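*Asks:* Sharing a structure here in structure tokens format.
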Amino acid sequence: TPEGQLLLTAYGVMPSLDRAAAAPVTSEDYAWIGWSSEEGATWSKPMRIGAKDTDFSRTAWNQNVAFNFVHGNSCGNAQTVRFLATQQFVHTEDGRNYDLRYEETFSGFFPENLSLVFNGDQAHCLMSRTKPDPEAKMNTWHTSLLGTAKAPYTDWRWKEINTTISHSNLLRLPDQRIIGVVGLTAPKSRVSICELDVATRKLKEVLELPMMPQFRVGFAHHDGHVWISYQATHNNKMCVHLAKVKLTQSPR
């Protein structure tokens, strides 16, 4: 955070902060909760930061403001997507401590994952989505969308990109390139580092990663390398891995 704290957000079940008063957990008790710490060892008590049955994107900071996309996490193919902003997380009874900047209800598909990145006063968001497939009796991945907005981020425009993705985690490099760890679905399911060209709305695959495509990953840049944490199975055991990847300089 701008104050130098670490902020952790997680989708969890918190029926009560008092263990002695804990009640049976129901689906309505699911909420996003956040903690903060100065050194990563001591953490504050959990704090609800979202409404019930909602799914937050990873927090993205721009000019000392925290931004998140959030969408419904219940069944149905019509979901409202909201863009939220806050300068300070504060305790509220219902967890609604964000300012609403934008909302839009999409019909005919389900927003599955939204990844947000800033470039100056411009924001970009990759949205993966599924559509009902009556023959398969399940939802199938559908062409993904790229959203773009300028400050104050109250008007977002969405257009299809050149491929279908299952999830993404975007990052802007010091040379202004936007890269992401992206779950690709064709011609096979895989997870790869990709470069995003926002002008042409194209994802270019750079490096396929040895991980299972159904898991989201941690992603950061430091000292000319990207660091990626992910889950993988070895000898029938689930393991957590940390990969260090050197990227070449942009030819542009």
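The values are calculated or read from the model by the stated rules, or taken from the named source; none is laboratory data. This structure is a prediction, so every number in the text was calculated from the model and none was measured. Reconstructed Cβ throughout: ideal geometry from the backbone, glycine too, with neighbour counts over all protein chains shown. Protein only, heavy atoms only, side chains kept; ligands, DNA and RNA dropped before computing areas. Shrake-Rupley method; radii C 1.70, N 1.55, O 1.52, S 1.80 Å.
*Asks:* Considering only protein heavy atoms, with the full assembly of protein chains and a 1.4 angstrom probe, order 138, 211 by accessible area, largest first. Display every interim value, and only then the final one.
*Replies:* On the way: 138 115, 211 25 Å².
Result of the area sort, largest leading: 138, 211.
*Asks:* Loop-only check: which trypsin sites (Lys or Arg not before Pro) in region 121-197 are DSSP coil with at most 16 other Cβ within 10 angstrom?
*Replies:* 137, 177, 188
*Asks:* Can I ask one more? What does the accessible area of residue 65 come to, in Å² to the nearest 10, when a probe of 1.4 Å is used?
*Replies:* Looks like 20 Å² after rounding.
*Asks:* Let me cross-check residue 56: its accessible surface, 1.4 Å probe, with only protein heavy atoms counted, in Å² to the nearest 10?
*Replies:* 10 Å²
*Asks:* Working with all protein chains in place, sort 44, 192 by solvent-accessible area computed with a 1.4 Å probe, largest first.
*Replies:* 44, 192
*Asks:* If you don't mind, there's one more thing I want to ask. Let me have the relative contact order for region 174-229, percent, based on Cα pairs under 8 Å that are six or more residues apart.
*Replies:* 25 percent
*Asks:* In addition: Calculate the all-directions average of the projected area of region 105-252's alpha-carbon convex hull, and give it in nm².
*Replies:* 10.6 nm²
*Asks:* Need the list of lysines near residue 202 for cross-linking: C-alpha distance under 29 angstrom, and skip anything on the same chain fewer than eight residues off.
*Replies:* 131, 150, 159, 188, 244, 246
*Asks:* Just to confirm the filter: which GluC sites (Glu not before Pro) across region 93-164 are DSSP coil and have at most 11 other Cβ within 10 angstrom of their Cβ?
*Replies:* Numbers: sites: 93, 103, 104, 112, 135, 160; in loops: 93, 135.
Passing both the DSSP loop test and the Cβ count: 93, 135.
*Asks:* Can you send over the solvent-accessible area of residue 161, 1.4 Å probe, protein chains only, in Å² to the nearest 10?
*Replies:* Surface open to solvent at residue 161 totals about 10 Å².
*Asks:* Could you tell me, in Å, what Rg and Dmax come out for the Cα atoms of region 134-211?
*Replies:* Gyration radius and largest Cα-Cα distance of region 134-211: 14.1, 46 Å.
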